[in-house]
Amino acid sequence: FFGHPKGLSTLFFTEMWERFSYYGMRAILVLFMTKELLFSDTLSFMVYGAFTAFVYMTPVFGGMIADKLLGFTKAIKLGSVLIILGHISLALPDLDALPDHAFFYIGLSFIIVGTGFFKANVSSMVGHLYEKNDPRRDSGFTIFYMGINLGAFLASISVAIVAQWLGWHYGFGLAAIGMLLGLLTFIYADYKNVFSPDSNKPNLSALTKKLVLGINVNASIYIVSILLVPLFAWLLANPGGSRLMLVIVGMGIVLYFLYQAMTSKKDERNHIFAILILSFFSMFFWSFFEQAGSSINLFTDRNIDRLLFNYEFPAGSFQALNSFFIITLAPFFASLWIRLSKINKDPSVPIKFVLGIFFVGVGFMALAIAAYNAIYFGKVSMLWVMLAYFFHTVGELCLSPIGLSIVTKLAPVRLVGMMMGAWFLSSAFANYIASIIATLTSTPEGLEDVVLSAKDYAATYFDVFLKIGVTAFIASLILLALTPAIKKLMR
């Protein structure tokens, strides 16, 4: 598969269809809440932020369970089924006999729990395809990352258009079909034994151990997974509870990681600290980048002229720009890192992170200029959003696939799934921070029921986008100063 192990192609397409389901749903989620459920901007952002935060927090636990109990392949199959159930629930209309928006919150909750078992483990399986010092590793993860974004590109356009033409629930239904295709792809490859043997090693002695009422550990995992769904549904419907849960669970996980570091050998301890530091700085990137589904999405809806050849593109479809640029630029970056490595000019991982944060700042400067012009003109050219997504994508390619690669390379073998979860934990915090940042662009209190003009919104967007850009530049400079110390930890 492009000079890489055969298993990469299966994981490429499995992840592609899972991301099709996720990003298709994400493209219309905030728009669905503000236009169909009639949530305020602030409530929509907080529900969206809590959902995306939990989506990136649960892989910590899914990684641990796969490491110690289920094995990667079994965990991925379980996660896929739960995600399918989630999208089906989102596709169902409300019933008078149930609480308001019950299927909506239950659907999001199934996706949260399912993604916990899926996301970290499929990335860990990619790492298992390569030896520790295989020079193809970064390139392989970049190709894998292209699969993620191929799914996101197809979904952001198709789901948004289906939702526009046929209705919101048909859009969510299309996302369910995408995840089903991903599951079938994975099951077929597992049947053909294309994965590393280490990826499919459930701990049978531990799984068959009896717990209360004669229920074994294996059955308990499935039961607890289902019981978590109503808990997450309640948390999503009560954003204040979500905030408390994120803080408590997040701090507990961080303390656990620190405990693992302090009880490990020196080299392993240094590697864990390096992962944690890089994960911390990745929060800056993701908390800004993830405005795509919230504030940038509504900015596109309200202040971007989306008319082309007498057809007005749905605002959610513009999120496909990021995926389009990933698909077109990923092969270039994949070959670039290999060429630079051959001549000993490959930038260090921390420097790649610096570049990632810097370029996301450049993208927000483009959005700030667009918003400034919109103060006077109301709506501005879609070229500004295209330019912003281009720079965000360049930053993402410098940071995200490299982050996935370095975690699988540095993490102790016994903790690969857990440390991949730590990488996604930083995204969990970042997504919630992103929702807080997005609320700064909300409709002013007391004016929610007033129909505002495009110009009325623009000044707020300009102020917030400019501050994000400046903050990104400052964060990249701080990380640049810390680079020598981080490189020492990575040795």
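The values are calculated or read from the model by the stated rules, or taken from the named source; none is laboratory data. Just so you know, these numbers come straight off a predicted model, no measurement behind them. Using ideal geometry, Cβ is built from the backbone for each residue, glycine included, and neighbour counts are taken over all protein chains shown. When the accessible area is computed, the model is the full protein with side chains, heavy atoms only, and any ligands, DNA or RNA have been set aside. Shrake-Rupley method; radii C 1.70, N 1.55, O 1.52, S 1.80 Å.
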**Asked** Given only helices, namely DSSP H runs of n ≥ 4 each adding -39500 (n - 2.57), what is the per-residue ellipticity at 222 nm of the chain, to the nearest 500 deg cm²/dmol?
**Response** -27000 deg cm²/dmol
**Item:** Placed amide H near Ile304: partners under 5 Å, 5+ positions off or other chain
**Value:** Val380
**Request:** For Lys35, list the lysines whose Cα falls under 25 Å from its own Cα; do not include residues on the same chain fewer than 8 positions away.
**Result:** Lys379, Lys455
**Request:** Pop out the ³J(HN,Hα) list for segment 208-221 in order, Karplus 6.51 cos²θ - 1.76 cosθ + 1.60 with θ = phi - 60°, rounded to Hz; leave Gly and Pro as x.
**Result:** 8, 5, 7, 10, 5, 6, x, 7, 7, 4, 4, 5, 4, 4
**Request:** Provide, for q = 0.18, 0.20, 0.21 Å⁻¹, the log10 of I(q)/I(0) from a solvent-free Debye sum over equal Cα point scatterers in segment 118-216.
**Result:** -0.99, -1.07, -1.12
**Prompt:** How many percent of the alpha carbon pairs in segment 201-307 exceed a separation of 24 Å?
**Reply:** 60 percent
**Prompt:** Quick one: what do you get for segment 4-118 if you divide its Cα Rg by 2.2 N^0.38 Å?
**Reply:** 1.17
**Message:** Could you work out the pair-distance distribution P(r) of segment 269-370 from its alpha-carbon pairs, with 5 angstrom bin width and percents rounded to whole numbers?
**Reply:** 2, 9, 14, 18, 18, 15, 10, 7, 4, 2, 1, 0
**Request:** Place +1 on the Cβ of every Lys and Arg and -1 on the Cβ of every Asp and Glu in the chain, take the dipole about the Cα centre, and give the residue among Trp168, Phe281, Ala27 whose Cα lies farthest towards its positive end.
**Result:** Phe281
**Karplus-derived 3J(HN,Hα), 6.51/-1.76/1.60, for each residue of segment 162-172, Hz, glycine and proline x** = 4, 5, 5, 7, 10, x, 4, 5, 5, x, 5
**Asked** Quick one: how many Å² of Ser476 are accessible to a 1.4 Å probe, rounded to 10?
**Response** 10 Å²
**Long-range amide H partners of Gly167 with built H, under 5 Å** = none
**Request:** Could you name the lysines whose alpha carbon sits less than 17 Å from that of Lys192, not counting residues in the same chain fewer than 8 places away?
**Result:** Lys6, Lys74, Lys77, Lys201
**Complete:** For Asn216, other-chain or 5+-apart residues with amide H closer than 5 Å (H placed, Pro excluded) are Leu211
**Complete:** Expected vector for segment 337-353, Karplus 3J(HN,Hα) from phi with 6.51, -1.76, 1.60 and θ = phi - 60°, integer Hz, x for Gly and Pro, equals 5, 5, 5, 5, 5, 5, 10, 6, 10, 5, x, 5, 4, x, 5, 4, 5
**Request:** Could you check how much of the accessible area of segment 368-428 is carbon and sulfur, as a whole percent, using a 1.4 Å probe?
**Result:** 75 percent
